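Some notes on the structure that comes next.
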Number of protein chains: 4
Amino acid sequence: MLRVAIAGASGYTGFELIRILCCHPKVRLTMITSRQQAGQKLADFYPAFRNHLDLRFEEADPDELARNADLVFTALPHQAAMNLVPSLLDRQLKVVDLSADYRFRSPEVYARWYEPHRTPELLAEAVYGLPELYRDAIRSARLVGNPGCYPTSVILAAGPLLRHRLVDPASLVADSKSGASGAGRGVSLGLHFCEVNEGFRAYKVAEHRHTPEIEQELSLLAGEPLRISFTPHLLPMSRGILTTVYAGLRQGVVASQVDGAFRDFYREAPFVRLCGSDFPSTLQVRGSNYCDIAWKVDERVGRVIVVSVIDNLTRGASGQAVCNMNLMAGFPEGMGIDAPPWQP
Amino acid sequence: MLRVAIAGASGYTGFELIRILCCHPKVRLTMITSRQQAGQKLADFYPAFRNHLDLRFEEADPDELARNADLVFTALPHQAAMNLVPSLLDRQLKVVDLSADYRFRSPEVYARWYEPHRTPELLAEAVYGLPELYRDAIRSARLVGNPGCYPTSVILAAGPLLRHRLVDPASLVADSKSGASGAGRGVSLGLHFCEVNEGFRAYKVAEHRHTPEIEQELSLLAGEPLRISFTPHLLPMSRGILTTVYAGLRQGVVASQVDGAFRDFYREAPFVRLCGSDFPSTLQVRGSNYCDIAWKVDERVGRVIVVSVIDNLTRGASGQAVCNMNLMAGFPEGMGIDAPPWQP
Amino acid sequence: MLRVAIAGASGYTGFELIRILCCHPKVRLTMITSRQQAGQKLADFYPAFRNHLDLRFEEADPDELARNADLVFTALPHQAAMNLVPSLLDRQLKVVDLSADYRFRSPEVYARWYEPHRTPELLAEAVYGLPELYRDAIRSARLVGNPGCYPTSVILAAGPLLRHRLVDPASLVADSKSGASGAGRGVSLGLHFCEVNEGFRAYKVAEHRHTPEIEQELSLLAGEPLRISFTPHLLPMSRGILTTVYAGLRQGVVASQVDGAFRDFYREAPFVRLCGSDFPSTLQVRGSNYCDIAWKVDERVGRVIVVSVIDNLTRGASGQAVCNMNLMAGFPEGMGIDAPPWQP
Amino acid sequence: MLRVAIAGASGYTGFELIRILCCHPKVRLTMITSRQQAGQKLADFYPAFRNHLDLRFEEADPDELARNADLVFTALPHQAAMNLVPSLLDRQLKVVDLSADYRFRSPEVYARWYEPHRTPELLAEAVYGLPELYRDAIRSARLVGNPGCYPTSVILAAGPLLRHRLVDPASLVADSKSGASGAGRGVSLGLHFCEVNEGFRAYKVAEHRHTPEIEQELSLLAGEPLRISFTPHLLPMSRGILTTVYAGLRQGVVASQVDGAFRDFYREAPFVRLCGSDFPSTLQVRGSNYCDIAWKVDERVGRVIVVSVIDNLTRGASGQAVCNMNLMAGFPEGMGIDAPPWQP
């Protein structure tokens, strides 16, 4: 059994990690931390977990974590993660970090969109935890930067088009829509039920911090630096991200090439389901690690439109993190995350 | 491996049965039927199930069912169930029936609230599938009448009070609220998104067919015939039932007796979680087989108020049906239905 | 034109007052106050009001209010209201208070459920602002205590039964369900979108402060002191309250007497619509000042079930407050609040 | 008083027309028709209208309509509208048609996306009812083709950029999201509450019939034929459309020019509110005739992103139709549609 701990377990991604891990056949969840909830019983904080786990939140002490765990999920705010992660690695722990701190290859890019990085030397080692792109590297990593929820949905939608050189990299637009759990469990007026319900809005237009993460990975796939228009929107629902990607086709590209690119790219991807032109609802992946993708070539305008759907807490965060853990531990990729989606 | 079929698998309870069964470690789901969808692939009808099951809907032929299964879940409308069930029993199949057809002990009561019963002789044999009441009888049953969603929530809330003679049986009021999936997947104006969303209403006031089912079981618990005011309401959400029960306390009854009754009644009930006076949200049981119960003695008015929450599709239908199957097959009671709830 | 001010205008009831008043043909809204937002433009705080009103939030200075207004709506927390109201009355202003501070006849009752009252002498003068009960007294009042949202829904549902002596006063149960705007605009984890959405729960069971307000008015209607079981629940929607009342019929009472009681009680009530046994949805009154009421006598159990629906922000707060203002100012009762409901 | 009738009044746009018209100070609503509901009282079909209008649905007989009305709103399905409208014009009635039948200048375009047009000669006469573009022509029209909901949101967002030649017409992408009322009141599985709630999906990708309507008007504004990528999505809420437009800036265009284009274009537009870069929620226009627009120049990628929000039933259909009626009748443009939005 792999002994696992979660640092920063009181938010929605923490909940989702606990939910998944307490059914994982090869994992024992031994420790959960939360600065604010330290001392409280998990089952009192989240009554959903009564009868399941008899744990209390603790402080995130590195020695304690090392005593109790072989691998740690750090589900902390950015900056807080980079304060803890090095001390975990020093103690021979493996780490899957769900913050933004270890997703970037370039400290300069991180500094431009976030703050200066305190452990830039680790960026070279950290592996970007998107299994469809880096499965082998993840297997041997000790530090994985788990992708952001929006980047997961955008990269999986646009990746095949870029790798196969079917579209103009300068033409990319990603219009993304996320359920409210993506904003986390912290309270604010903007997340008050009556402010979200029955409303819909864009936010952080042209300035969301997931933009450089998307650009880093898509540039690597394209083989050249590219920039993208990325616009996030807030949906009046709890879970799910849908991203609509628009890309201008290169001269002469036809629909069958696009179909082929998706089939080729996802030949061995158990968690990507290709839907042809049956455009999916977020409902059909809810609670699962799937990314369902559909597309259509619109010859009238010379573009291809791609739609991807994921559950932002599962594939967009905790499910993908467990998938990375599986790879790092030598377990089957889908272990513990292969139940069907929740519907309705 | 137990070979299992679902007759009438295209609705929400069918979906939920499939979802649960395709992860059950001791079950092989071999056949699903639907008159309307016969011939169609499950994964085309419900894209959520792609990559999970390679089944097509078939016609509900008893010989075919007997060839493929040891146990059948009949998730058909009432009347349709009683047309199929006898032929399944004749072929040595075990049956868990999710309709109302085998929940009643008295053909007269069934006839008064539904229609005349065509197989009244089976009512004496059928076991009411509420494990907290009939665990042992279910173990040896060949036909289980799976309880209605509302009755499950009401009986579990009020049962301890009646068995322990703490309340006046004539005083019972059950005010129930259900998510829209309880009304099924059939289309109608009343279930149009815009007619349900942002609205709330009572329906079938003083005439809902779950009333006699509730009264049958509560009367048995009380040891005397009783009648109840039961009012269902439609919530603008997909899943969940919350029932608020009001009962007048018998002279001299004090709060500690009420606490004791609940603890005693649910001493060995892995799927009932007692919450004291921390009143639960339906969210904390969503997607699970739990029934969470809280209560408060209000001395000012001489009543006890009990609140129970369940997921109407899981504990209120398919999860409970699988629990009954587990008991009938000699599996552990919670096998395949012991994952934590879904939140948020 | 009546000059009107709103003290405490930044919450949802404030928004609703502004919305109504800026279309009222006989009112000029001259001043809005908010301690927290003082100095900010209304249209910046609530972009919905751009192009409508060019006001800024100010401090609630009594002299300033007296200079600008003839009547003030105080939409402040309880306790804060009683700190301001006397100084407004001293300056010859009329006041409609939306807090709980002037709803009670007995300072002892207020003290038991809230805190000690600082201006008990005003309680004798204040009129309870439910026009169906106190229309004439409101006309000549200088201080009206605007009813709570839940009490409005409960009193209008149960009042006719009690005044006509058709039910046993000791048997009353009111099971109420409210949209989330009833909890106000203050932020808290319990009102986070993901905690309310797709969930339903009871709260403050047997201890909600609206209980004594309901009991005060129903006791007066019954002609004897009575106590009620009142249970509030939180609905996953923004607006609307539905209350289900259960009452035991006195011996020999028949359905036609119940029908007659409702017709008689609401003979001249432009904002109550009797629906017989067509049970209403909250949707059909949304955004309006209506209370729609339906009922059914259930002879099986000897009870009558009454359902009332209101919009908690309109009839349950600001619409009713404007109705009271209309009566106090000699305007037609429905002026400015007679538009049809919003649907869907 | 203008005497007005609504042909096809039983759907959501019919409801919204009635809601608005029964408060309009210069209108008397004299007749409503519905083939399916003929004979039924409005207040029985829509209890929300009790106490407001004592009308019954009738058959849509042209002579009867001419006897009762000066102007008719035709809220019928396309094709049905063009069967009725000519006979209304023949009887000297003015018509605002809410279907697609009189929105197109070219019968060929209509034929390509819909069916062959039966009254192509009327297309030359009909005025496209977007007041910001055709205010003067609407004033003297006898037949107005009321714009589609999506086209209203897209044209108002992109129009200023094209008229001022600031963007490349070939680069336009419009990603639109609509509440479920936009799909009408007809029942279907796709609009079942549980299929819409907590889900989000794109539909009719690259083939929605509003595409040519958008292209017609934007081409006229651009002064050259253009094509657009238009993708509609279904939001889990009842009302509201948000459109996100992406457009590539022409070489050398700077942000201040974009600002200026919006200010200039909407100099005299009482129902467009410019929000700069404060991106609006659909909530802030709900129930109103406003279109709120925000934009941002993203120099990194050389694009401008524009977001518009409308209420699909008000500005996207019935409110705009009443605005057109006001113009045709010589009333002030905003009469009867100038109340503030509904929130929350």
### Task
Tell me, yes or no, whether segment D:217-225 has at least one residue that is small (Gly, Ala, Ser), assigned to a helix (DSSP H, G or I), more than 10 Å from every other protein chain (Cβ to nearest Cβ) and in contact (Cβ under 8 Å) with a residue 60 or more places away in the chain.
yes
### Query
If you check every pair at least six apart or on different chains, which have Cβ atoms under 6 Å apart with a residue in segment A:243-266 that is among the aromatic types (Phe, Trp, Tyr) first and a residue that is part of a helix (DSSP H, G or I) second?
A:PHE262/A:PRO160; A:PHE265/A:PRO160
### Query
So, of the residues in segment C:53-70 that are out of contact with any helix residue (DSSP H, G or I) (no Cβ under 6 Å at 6 or more places or on another chain) and over 16 Å from C:ALA38 (Cβ atoms), which turns out to be surrounded by the fewest Cβ atoms within 10 Å (Cβ to Cβ)?
C:ASP54
#### Entry: Sole exception among (1) in a loop (DSSP other than H, G, I, E, B); (2) over 17 Å from the mean Cα position of the chain (by Cα); (3) crowded, with 24+ Cβ neighbours inside 10 Å for B:LEU162, by number
(1)
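If you check A:LEU17 against the conditions, is it within 24 Å of the chain's Cα centre (by Cα), in the same structural domain as A:ALA111 (by TED's automatic domain parsing) and either surrounded by fewer than 22 Cβ atoms within 10 Å (Cβ to Cβ) or closer than 25 Å to B:PRO344 by Cα (or both)?
yes
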### Task
Just need a number here: residues in segment A:259-271 that are more than 10 Å from every other protein chain (Cβ to nearest Cβ) and either under 23 Å from the mean Cα position of the chain (by Cα) or of a type in the set (A, V, I, L, M, F, W, C) (or both).
9
### Summary
In segment A:205-236, residues that are within 15 Å of the chain's Cα centre (by Cα) and β-branched (Val, Ile, Thr) total 2
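So, C:ASP101, is that one closer than 28 Å to C:GLU268 by Cα and buried (at least 20 other Cβ atoms within 10 Å of the Cβ) or not? Break it down stepwise before answering.
Numbers: closer than 28 Å to C:GLU268 by Cα: no; buried (at least 20 other Cβ atoms within 10 Å of the Cβ): yes.
For C:ASP101, the condition - closer than 28 Å to C:GLU268 by Cα and buried (at least 20 other Cβ atoms within 10 Å of the Cβ) - is not met.
Which of the residues belonging to segment C:131-159 are hydrophobic (A, V, I, L, M, F, W, C) and assigned to a helix (DSSP H, G or I)? Full working, then the answer.
Here is the first cut: in segment C:131-159, the residues hydrophobic (A, V, I, L, M, F, W, C) are C:133, C:137-138, C:141, C:143-144, C:149, C:154-158.
Once the filter is applied, which keeps residues that are hydrophobic (A, V, I, L, M, F, W, C) and assigned to a helix (DSSP H, G or I), segment C:131-159 yields C:LEU133, C:ALA137, C:ILE138, C:CYS149, C:VAL154, C:ILE155, C:LEU156, C:ALA157, C:ALA158.
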### Query
How many residues are in contact (Cβ under 8 Å) with a residue 40 or more places away in the chain, part of a loop (DSSP other than H, G, I, E, B) and touching a Pro at 6+ places or on another chain (Cβ under 8 Å) when one looks only at segment C:191-216?
1
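Which one of A:LEU29, A:LEU53, A:LEU17 is of a type in the set (A, V, I, L, M), touching a Phe, Trp or Tyr at 6+ places or on another chain (Cβ under 9 Å) and either within 14 Å of chain B (Cβ to nearest Cβ) or part of a helix (DSSP H, G or I) (or both)? Reasoning before the result, please.
Details: A:LEU29 fails: touching a Phe, Trp or Tyr at 6+ places or on another chain (Cβ under 9 Å); A:LEU53 fails: touching a Phe, Trp or Tyr at 6+ places or on another chain (Cβ under 9 Å).
Unique residue meeting the criteria: A:LEU17.
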### Query
Out of (1) of a type in the set (Ser, Thr, Tyr); (2) within 23 Å of D:GLY145 (Cα to Cα); (3) more than 21 Å from the chain's Cα centre (by Cα), the odd one out for D:SER256 is which?
(2)
### Query
Can we say B:PRO232 is within 26 Å of A:PRO344 (Cα to Cα), in contact (Cβ under 8 Å) with a residue 24 or more places away in the chain and crowded, with 18+ Cβ neighbours inside 10 Å?
yes
## Note on the structure
Checked pairs for segment C:316-333, first farther than 19 Å from C:GLN92 by Cα, second assigned to a helix (DSSP H, G or I) and small (Gly, Ala, Ser), C-beta under 9 Å and 6 or more apart or across chains, list as C:GLY316/C:SER153; C:GLY316/C:GLY182; C:ALA317/C:GLY182; C:SER318/C:GLY14
### Message
Residue under question is B:PHE104, and the condition is that it be touching a residue at least 24 places away in the same chain (Cβ under 8 Å), in contact with a helix residue (DSSP H, G or I) (Cβ under 8 Å, 6 or more places away or on another chain), assigned to a loop (DSSP other than H, G, I, E, B) and aromatic (Phe, Trp, Tyr); does it hold?
### Response
yes
## Note on the structure
The number of residues in segment D:291-308 that are within 8 Å of another protein chain (Cβ to nearest Cβ) and either under 14 Å from the mean Cα position of the chain (by Cα) or not aliphatic (A, V, I, L, M) (or both) is 5
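Picking from C:ARG315, C:ARG300, which residue would you name as being within 30 Å of C:ARG165 (Cβ to Cβ), surrounded by fewer than 23 Cβ atoms within 10 Å (Cβ to Cβ) and of a type in the set (D, E, K, R)?
Working: C:ARG315 fails: surrounded by fewer than 23 Cβ atoms within 10 Å (Cβ to Cβ).
Only one candidate qualifies: C:ARG300.
Among the listed residues C:ALA174, C:ALA157, C:ALA170, C:ALA180, which satisfies the condition of being surrounded by fewer than 22 Cβ atoms within 10 Å (Cβ to Cβ), of a type in the set (Gly, Ala, Ser) and within 14 Å of chain B (Cβ to nearest Cβ)?
Values: C:ALA174 fails: surrounded by fewer than 22 Cβ atoms within 10 Å (Cβ to Cβ); C:ALA157 fails: surrounded by fewer than 22 Cβ atoms within 10 Å (Cβ to Cβ); C:ALA180 fails: surrounded by fewer than 22 Cβ atoms within 10 Å (Cβ to Cβ).
Criteria check complete, one pass: C:ALA170.
Residues A:GLY276, A:GLY240, A:GLY319, A:GLY287: which one is away from chain D (no Cβ under 14 Å) and modelled with pLDDT of 95 or more?
Values: A:GLY276 fails: away from chain D (no Cβ under 14 Å); A:GLY240 fails: away from chain D (no Cβ under 14 Å); A:GLY287 fails: away from chain D (no Cβ under 14 Å).
Just one listed residue meets the conditions, A:GLY319.
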### Message
Given the options D:GLY319, D:GLY330, name the one that is under 14 Å from the mean Cα position of the chain (by Cα) and more than 19 Å from D:ALA158 (Cβ to Cβ).
### Response
D:GLY319
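The values are calculated or read from the model by the stated rules, or taken from the named source; none is laboratory data. Small disclaimer: the values here were computed from a predicted structure and weren't measured. Every residue, glycine among them, receives a Cβ derived from its backbone with ideal geometry; neighbour counts consider all protein chains shown.
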